[in-house]
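Trainee: Below you will find the structure I want to go over with you.
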Amino acid sequence: MTHDPAEAADEDPIVCRTSVHVAVADDPPVPLPAELRYSATDPYAVCLSLGAPAAPSVDWVFARALLAQGLRRPSGSGDVVVFPGLRPRSDAIRILLRTGAGAAVLEVDGAVVTGFLRRADALVPPGTEHRHLDLDRVVEQLTAGSE
């Protein structure tokens, strides 16, 4: 994936279509279409959509920083854990997704994730996320229906 970072500042949301390999329990991994999405309107989060556009998607929203840290070392706890790939696929990253019903491990091409994060960082540099929040809108959403 080749992309000029200068163009990324004008691109919102950032959408990266890719595929992941999903392993559940002892079954062999199967490929699944996926999208990574990022927008300045939700500057701390990324969305990983599984299944789209071939089927209704299942969306996972988690911290952009978690995805970035997971490129170098195991990161996260709870429902989403990201960690560097294991040999022989050390170029991939792995994302562990957990629900009450079970868990799945996804393998994603590390170069795809790195390129996606580079574009997201060009749009909203890490550490500047707070400048992109509409606090009035956040308060309105939090208090909606409380009257």
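Trainee: Run the quick spin-label model on Asp121 and Ser57: label points 7 Å from Cα toward the beta carbon, then report their separation in nm to one decimal.
Mentor: Going from the Asp121 label point to the Ser57 one covers 2.4 nm.
Trainee: Looking at the range 27-147, what % of the alpha carbon pairs are farther apart than 26 Å?
Mentor: In whole percent, the long-distance tail amounts to 27.
Trainee: For the chain, set up a Gaussian network in which alpha carbons nearer than 10 Å are linked by springs, and say which option among Thr128, Thr99, Thr18 fluctuates the most.
Mentor: Between Thr128, Thr99, Thr18, it is Thr99 that shows the largest mean-square fluctuation.
Trainee: Using only Cα atoms, find the angle between the long axis of helix 110-123 and the longest principal axis of the chain, and express it within 0 to 90 degrees, rounded to the nearest 10.
Mentor: Result, in degrees: 10.
Trainee: Another question, then. Would you mind giving the average projected area, over all directions, of the Cα convex hull of the range 24-83 in nm² with one decimal?
Mentor: 5.2
FYI, it's all coordinate maths here, none of it is from the lab. On a predicted model such as this, the values are computed, not experimentally measured, just so you know. We place every Cβ from the backbone using ideal geometry, glycine too, and count neighbours over all the protein chains shown.
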